[in-house]
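S.K.: Got a structure for you, questions after.
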Amino acid sequence: MKRLPLLAVLLAACSGSNSRSIDDAALSDTSQGENWLAFGRTLNEQRFSPLRQIDTSNVANLKVDWFVDLPDKSGLVSTPLVSDGVLYFIGSMNVVRAVEATSGRMIWTYDPHVAERADRMRAGMNVSRGIALWRDKVILATWDGRLIGLDASSGREQWNTMTVDSTKALYITGAPKVFKDKVIIGNGGTENGATRGYVTAYYAATGKQAWRFYIVPGNPADGFENAAMEMAAKTWTGEWWKYGGGGNAWHGFTYDAELDRLYIGTGNGSPWNRKIRSPGGGDNLFLCAIVALNPDNGEYIWHYQTVPGETWDFNSNMDIVLADLAIGGRTVKALLHAPKNGFFYVIDRVTGKLVSADPFAEVTWATGIDSATGRPNEVPGARYETARANIAPGPTGAHSWHAMSYNPQTGLAYFPAIHRRWTFSDSAIDVASWKSPDWKFDPGVAYGVTGAARPDGLTGTLQAWDPVRRKLAWELPLEGFWNAGTMTSAGNLVFQGRADGNFVAYDATSGAELWRFNVGSGISAPPITYSVGGRQYVALLAGWGGAPVVFGGPLTAKYGWSYGAHTRRLIAFSLEGTATLPPSAGPQLIAPLAAREFGVDSSLAAVGSAEFGGTCDVCHGRGVISGGAAPDLRASGVVLSATAFADVVRGGLRASSGMPRFKHLTDEQLLTLRHFIRQRAEAALAPPPK
Ligand code: CA
């Protein structure tokens, strides 16, 4: 071995992050475990670390090494990134911080001031799932639609690009992904108005647009952008463009460095109800699909549609994980995908053809996926054709955005599954005259959750799925349905944070629980692992949130993760840790405010209920049970005062905490909202019926 002069060794050791080039090669390097450079650790999105200092034999000794208390109030759901001893993460209100990865010491903070742009319901989405590192930059996307490049060493803004039409209720919660000196981002907001989904690639150095790919076709009279849109338009009927069509890509983007392709996971229809947007039927390309694009120009290569003619808020926005699988005596360059619809897909990413699809949860809308055509065999009636449909899964999916990891040593994929049963009916909706909403959540169909889909009553499990044997290797019961994503390691471990506040390590092969630590707050973010100076760390953000509160508030409130009651933290663990967390506030169950003197007027409350629905309940919960993502208004004294209520709701007094300004609301509308909120508070105060 050639000996390097001592000075050269010292220089190499001290050169730090400035000299490091975070490019495609670095992002693809699965052999190094020191850093966690990308959302899915490496470009293949496996969230698998080769580190093995912490393993099944010693994980029971894992202790808190350091922690940082954060001023954040809303949900922490993001994946931190680590590059050469610096940990970067995005928190509430899209504030980005850089800290020392060995101590948590703050290096810089960047605040994109999203509150100043807070307007109507879009502000309710004030969580972000992650950021990107590229060369000398940190790149973030804000919920109001900006993509921003920061200097990684100082946190100073270098460029700032608006990616959405600000007059529409579009928002971004997803992580931007980088590839080939570009960065891609989409957006959410399919249900908030007539939206036409798209993804856009920008140059990472400047923020200038490189290309845009629309997910659904526009009005044929305006001409098609490309041949793919012309092809897609043949699968739509009626005047779909008036409703936007949807398909918004809000989460899953994976760059395949090996095949030089970009995979986009697309969203549900706008509106959900196909009878409205495409009354003559049709597959409605490219809704609820994976679309492979040329990363240089955004040109279409292939697509695989998981739900043709989507009509249940199913989407394929979930993680797209790349893995080589040995199937039938050959190596399949596979893409692993567990979308909302309940089937686990293995797709040949060279051809876009289905390899296998099997239900990983209760699926009643289809009996299976035809292996020859790749299409689902739908159950008659599931489309609420003429009567109410009772189906599983539903709008929260059998799996949502929570990180799926894949361990090439065990050959298993790990993800939290959701087991809930739903109803859909449009019998009370005039389908022919339905109009797209304007800044209000309206899917064009009445829907609701009716309970657990499993006979044992469980609504959540942690699943280890074998994509080659096409079956569960193991599963474990979880509390509630909204549990965080996973990370897996060469130490044969799987880590997962849970809704009940426990951070748990499992044997990756057997699922045996090996360690647990209660962080004192519900966990919604996935963990990472990295190494500095020979010490392996496991880190995660602790702070309940990111749940679709409109569905989940009443179910998640039971943990007592009340808004503002539990300190949000970044916590790092190691085998040598000696830190101790301060005691948790413990569960804080909401006590509704007693104020009978308010005098609820039930007719005003009925009007207020309609006003509340589709807007306020996006954060404050259906039935005004927020479950901790926002204040539970049944306990709010602000509601008692017309002036105070107007200051907050219309005046934006709490915009900095994430409560948007609803400038358009009249005094009469505010009054009806107050009566509805007080009605729900009084109902919670009333003694239960004998
Ligand atoms: Ca949706």
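The values are calculated or read from the model by the stated rules, or taken from the named source; none is laboratory data. Every value quoted in this text rests on a predicted model; they were computed, and no experiment measured them. With ideal geometry, Cβ positions are generated from the backbone for all residues, glycine too; neighbour counts draw on all protein chains shown. In case anyone asks, the SASA skips ligands and DNA or RNA and just uses the protein heavy atoms, side chains included. Shrake-Rupley method; radii C 1.70, N 1.55, O 1.52, S 1.80 Å.
S.K.: For the cross-link pairs LYS63/LYS177; LYS208/LYS663; LYS208/LYS340; LYS168/LYS340, which exceed 30 Å when the distance is taken from alpha carbon to alpha carbon?
M.R.: LYS63/LYS177; LYS208/LYS663; LYS208/LYS340
S.K.: Among the trypsin sites (Lys or Arg not before Pro) within the range 616-675, which fall in a DSSP loop and have no more than 16 other Cβ atoms within 10 Å of their own Cβ?
M.R.: For trypsin sites (Lys or Arg not before Pro) across the range 616-675 that sit outside H, G, I, E and B with at most 16 neighbouring Cβ atoms in 10 Å, the list reads LYS663.
S.K.: Solvent-accessible area per residue for the range 316-405 at a 1.4 Å probe radius, Å²?
M.R.: Per residue, the range 316-405 has an accessible area of 32 Å².
S.K.: Subtracting the Cα-Cα distance from 0.36 nm times the residue separation, let me have the gained length for GLN588 to ALA372 in nm, one decimal.
M.R.: Gain on extension, GLN588 to ALA372, equals 72.4 nm.
S.K.: Take each of the peptides 354-363, 305-314, 92-101, average the number of other beta-carbon atoms within 10 Å over its residues, and list them starting from the highest.
M.R.: For the peptides 354-363, 305-314, 92-101, the packing ranking is 305-314, 92-101, 354-363.
S.K.: Here is a further query. Please compute the modelled spin-label separation between ARG52 and LYS333, points set 7 Å along Cα→Cβ, answer in nm with one decimal.
M.R.: Placing both labels 7 Å beyond Cα along the Cβ direction yields 2.8 nm.
S.K.: Between ARG156 and ASP69, what's the calculated FRET efficiency when r is the beta-carbon distance and R0 is 25 Å? Round to 0.05.
M.R.: 0.50
S.K.: Then there is this: Which sequence of ASP370, ASP296, ASP222 reflects their accessible areas, 1.4 Å probe, from the largest down? Write out the running numbers ahead of the final one.
M.R.: Numbers: ASP370 50, ASP296 80, ASP222 125 Å².
Reading off the accessible areas and sorting them downward yields ASP222, ASP296, ASP370.
S.K.: Can you tally the net charge around ALA525? Count Lys and Arg as +1, Asp and Glu as -1, for every other residue whose Cβ sits under 12 Å from the Cβ of ALA525. Each step should come with its number before you reach the end.
M.R.: Working: positive: ARG129, ARG498, ARG568, ARG569; negative: ASP72.
That works out to +3.
S.K.: Another one. Rounded if a/c is under 1.5, else prolate if a/b is larger than b/c, else oblate: which is the range 29-76, with a ≥ b ≥ c the root eigenvalues of its Cα gyration tensor? Don't skip to the answer; put the middle values down first.
M.R.: On the way: a/c = 2.55, a/b = 1.18, b/c = 2.17.
Oblate, since a/c reaches 1.5 and b/c is not below a/b.
S.K.: If I stretch the segment between ALA227 and ASP111 completely, what's the gain in nm (0.36 nm per residue apart, minus their alpha carbon distance), one decimal?
M.R.: Net length gain for the segment: 37.6 nm.
S.K.: Set the Förster radius R0 to 35 Å, insert the Cβ-Cβ distance between LEU640 and THR386 as r into 1/(1 + (r/R0)^6), and round the FRET efficiency to 0.05. Mind dumping the intermediate values first?
M.R.: Details: r = 47 Å, r/R0 = 1.34.
In this case the efficiency is close to 0.15.
S.K.: Taking the Cβ of ASP24 as the center, what net charge do the other residues with Cβ under 10 Å away carry, scoring Lys and Arg +1 and Asp and Glu -1?
M.R.: My count for the surroundings of ASP24 gives -3.
S.K.: How far is it, in nm, from the label point at ASN61 to the one at THR450 when both lie 7 Å from their Cα along the line to the Cβ?
M.R.: If labels sit at ASN61 and THR450, their model points lie 5.3 nm apart.
S.K.: Here is a further query. Could you order peptides 392-404, 637-649 by the average number of other Cβ atoms within 10 Å of their residues, highest first?
M.R.: 392-404, 637-649
S.K.: With all protein chains present and a 1.4 Å probe, how do ILE131, ILE107 order by accessible area, largest first?
M.R.: ILE107, ILE131
S.K.: Something else about it: Is it possible to state the helix-based mean residue ellipticity at 222 nm for the chain, with each DSSP H run of 4+ residues giving -39500 (n - 2.57), the sum divided by total residues, to the nearest 500 deg cm²/dmol? What is it?
M.R.: Rounded to the nearest 500, the figure is -3000 deg cm²/dmol.
S.K.: Between rounded, prolate and oblate, where does the chain land on the alpha carbon gyration tensor, with a ≥ b ≥ c its root eigenvalues, rounded for a/c under 1.5, else prolate if a/b exceeds b/c?
M.R.: Rounded shape, in that the Cα axes give a/c under 1.5.
S.K.: Also: Is the range 596-685 rounded, prolate or oblate when judged by the Cα gyration tensor, a ≥ b ≥ c being the square roots of its eigenvalues, rounded requiring a/c under 1.5 and prolate requiring a/b larger than b/c? It would help to have the intermediate numbers written out before the result.
M.R.: Values: a/c = 1.44, a/b = 1.19, b/c = 1.21.
Cα axes put the range 596-685 in the rounded bin.
S.K.: Here is a follow-up. For the range 596-685, report the accessible area per residue in Å² (1.4 Å probe, heavy atoms, rounded to an integer).
M.R.: Result: 42 Å² of accessible area for each residue.
S.K.: Report in % the part of the accessible area of the range 596-685 that belongs to carbon and sulfur, leaving out ligands and nucleic acids; probe 1.4 Å.
M.R.: 55 percent
S.K.: Please compute the net charge surrounding TRP211, taking Lys and Arg as +1 and Asp and Glu as -1 over other residues with Cβ under 9 Å from its Cβ.
M.R.: Taking every other residue near TRP211 into account, the sum is 0.
S.K.: Note the full-extension length gain between ARG596 and SER31 as 0.36 nm times their separation in residues minus their Cα-Cα distance, in nm to one decimal.
M.R.: Between ARG596 and SER31, full extension yields an extra 196.9 nm.
S.K.: Using a 1.4 Å probe on the protein heavy atoms only, what accessible surface does ARG375 show? Give it in Å² to the nearest 10.
M.R.: The accessible area comes out at roughly 100 Å².
S.K.: Rounded to the nearest 10 Å², what accessible area does TYR202 show when all protein chains are kept and the probe is 1.4 Å?
M.R.: Surface open to solvent at TYR202 totals about 0 Å².
S.K.: Counting pairs of alpha carbon atoms under 8 Å apart in space and at least six apart in sequence, what relative contact order in percent does the chain give?
M.R.: Reported as a whole number, the value is 13 percent.
S.K.: Moving on to the next point. Describe numerically, in nm with one decimal, the distance between label points set 7 Å from Cα along Cα→Cβ at ARG135 and at THR580.
M.R.: It is 4.9 nm.
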